[in-house]
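Reviewing the structure listed below.
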Amino acid sequence: MSTMPALVKPEAAPGMSLELRPRPQCGRNDVLIRVEKTGICGTDLHIYQWDEWAKNRTRPPFIVGHEFYGRVEEVGAGVTGFEPGEQVSGEGHIGCGHCYFCRTGQAHICRDVEIIGVDRDGCFARFIRMPESNVWKVRPGIPTDVAAIFDPLGNAMHTVMAQPVAGRTVAVVGAGAIGLLACKIAHSTGALSVMAVEPQARKRALALSMGANSAFDPAEPGWTEAFVRATPERVGVDVVLEISGSPQGIRSAFDIVRPGGEVALLGIPSADVNLNFSKAIIFKGVTVRGINGRLMYETWYQSERFLLEYKPDLAALISHHIRFDKFLDAFALLERGEAVKIILDWEGA
Ligand SMILES: [Zn+2]
Ligand SMILES: [Zn+2]
């Protein structure tokens with residue numbers, strides 16, 4: 001049996017290991033992809049550190065990773081839409097295909113969803129096997145670094161597109177990779193102004209270079225009052241995109257949204273969040289939306305058009321390229337908060 005290098009979560013404990021694993025077999029409706037570039041995400045860091053979320057959600061051993069770009073290596077006998085050599089990425093949420101949600105166009109909230117690199121083997125490996133329906137062709141003109149981060153780009157796109165932003169004021173809470181992408185998308189789709197909220201000075205500066213008009217430090221005492229004073233009529237912002245997932249970030253979203261405004265929640269808190277519902281939501285008449293993954297496949301088409309028509313410069317977002325066998329360096333950078341988006345390179349693996 002032929003083998004491949006893979007980054008594995010071997011057991012229920014902190015850490016990951018580089019191992020030789022069997023190369024996946026391509027089933028009838030599968031596409032086997034030779035992975036070239038992968039993005040490391042906050043989710044992977046949770047799995048690496050083995051936090052409460054990872055303990056409750058995952059069952060080692062499994063191959064980690066869900067953000068990738070690669071080329072088709074082999075297709076199953078039933079595959080009609082792909083040929084070897086084509087450039088591809090993929091939707092990592094694999095719906096069951098037959099539950100109520102999958103059958104009503106809501107596969108992103110499938111009851112039995114399997115996420116690559118979480119519930120089944122992921123893409124931090126030389127090869128990944130995906131059902132044909134989840135494979136996404138990468139059009140010419142899209143840089144391969146960007147193709148590797150279609151997944152978080154889609155998270156950002158889904159969050160921004162969940163409510164109108166054109167002609168409105170928009171706050172982005174949390175300026176990691178997804179928050180920065182959300183700044184760029186909100187700016188390019190007609191937001192009147194984009195206000196970033198981020199504790200790290202370096203990321204606030206990046207937000208300003210990626211479409212934010214102003215940036216606030218949530219560590220500053222009284223920043224929410226200053227924020228509200230900076231909005232038209234001093235009533236707060238029309239739309240808040242909460243991407244940090246921190247309890248303070250989530251509470252502050254409701255402090256800075258205007259009465260009658262909208263809050264989209266993408267960031268995932270690791271524990272219950274204490275919130276005064278009557279003050280934060282009910283009397284304020286706020287509309288709250290939970291955002292999960294990407295709409296299949298509306299979000300993917302929106303992301304592709306954004307890349308091809310608007311041609312955003314996203315290079316600043318990718319802070320490091322690191323070879324797969326130096327993954328420990330990559331996680332150390334992430335743990336120290338010194339990276340934005342790290343691309344792990346698998347070429348030559
Ligand atoms: Zn991710
Ligand atoms: Zn389903």
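Values in this text are rule-based calculations from the coordinates and carry no lab data. All figures in this text were calculated on a predicted structure; none of them were measured in a lab. Here the Cβ positions follow ideal geometry from the backbone for every residue, glycine too, while neighbour counts run over all protein chains shown.
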Listed residues Leu45, Leu192, Leu180, most fluctuating in the chain (Gaussian network, C-alpha, under 10 Å): Leu192
In order through segment 321-327: 3J(HN,Hα) via Karplus (6.51 cos²θ - 1.76 cosθ + 1.60), integer Hz, x for Gly, Pro: 10, 9, 5, 3, 6, 9, 4
Highest-MSF residue in the chain out of Val239, Val79, Val64 [GNM, Cα springs under 10 Å]: Val79
Cut-off under 5 Å, modelled amide H: who pairs with Gly236 long-range: Thr231
Residue among Ala207, Ala54, Ala316 with the largest mean-square fluctuation in a Gaussian network model of the chain, springs linking Cα atoms under 10 Å: Ala316
Lysine-lysine proximity count for the chain, Cα under 25 Å, sequence distance 8 or more or distinct chains: 23
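Quick check for me: using +1 on Lys/Arg Cβ and -1 on Asp/Glu Cβ, what's the dipole size of the chain about its Cα centre, in debye to the nearest 20? Intermediate results must be reported in sequence, preceding the final value.
Values: 36 positive and 40 negative charges, 89 e Å.
Magnitude of the dipole: close to 420 debye.
Sort Met4, Met195 so the one with the fewest other Cβ atoms within 10 Å of its own Cβ comes first.
Values: Met4 19, Met195 24.
Listing Met4, Met195 from fewest to most nearby Cβ atoms yields Met4, Met195.
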Degrees between helix 150-161 axis and first principal axis of the chain (Cα, 0 to 90, nearest 10): 30 degrees
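Decide, for segment 153-290, between rounded, prolate and oblate: order the square roots of the alpha carbon gyration tensor eigenvalues as a ≥ b ≥ c, take rounded if a/c falls under 1.5, and otherwise choose prolate if a/b is larger than b/c, else oblate. Intermediate results must be reported in sequence, preceding the final value.
Working: a/c = 1.24, a/b = 1.20, b/c = 1.03.
Note, shape of segment 153-290 comes out rounded.
Could you give the C-alpha radius of gyration of the chain expressed as a fraction of 2.2 N^0.38 Å, taking N as the number of residues it contains?
Numbers: Rg = 20.2 Å, N = 349, 2.2 N^0.38 = 20.4 Å.
Expressed relative to 2.2 N^0.38 Å, the Cα Rg reads 0.99.
When the expected Rg is taken as 2.2 N^0.38 Å, what fraction or multiple of it is the alpha-carbon Rg of segment 1-80?
Values: Rg = 14.4 Å, N = 80, 2.2 N^0.38 = 11.6 Å.
Normalised by 2.2 N^0.38 Å, the Cα Rg of segment 1-80 equals 1.24.
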Taking Cys96, Cys110, Cys41, Cys123 and counting other C-beta atoms within 10 Å, the order from fewest to most: Cys96, Cys110, Cys41, Cys123
HN-Hα J in Hz across segment 244-249 - Karplus 6.51, -1.76, 1.60, θ = phi - 60°, x for Gly and Pro: 6, x, 7, x, 5, x
Net charge over other residues, Cβ less than 13 angstrom from the Cβ of Arg59 (K, R count +1; D, E count -1): 0
Between helix 177-188 and the chain: long-axis angle, C-alpha atoms, 0 to 90°, nearest 10: 60 degrees
Residues whose placed amide H lies under 5 Å from that of Arg120, excluding near-sequence neighbours: Ile115
Amide H partners (placed H, <5 Å) of Lys341, local residues excluded: Ser319, His320
Estimated 222 nm signal from helices in the chain, with DSSP H stretches of n ≥ 4 weighted -39500 (n - 2.57), rounded to 500: -7000 deg cm²/dmol
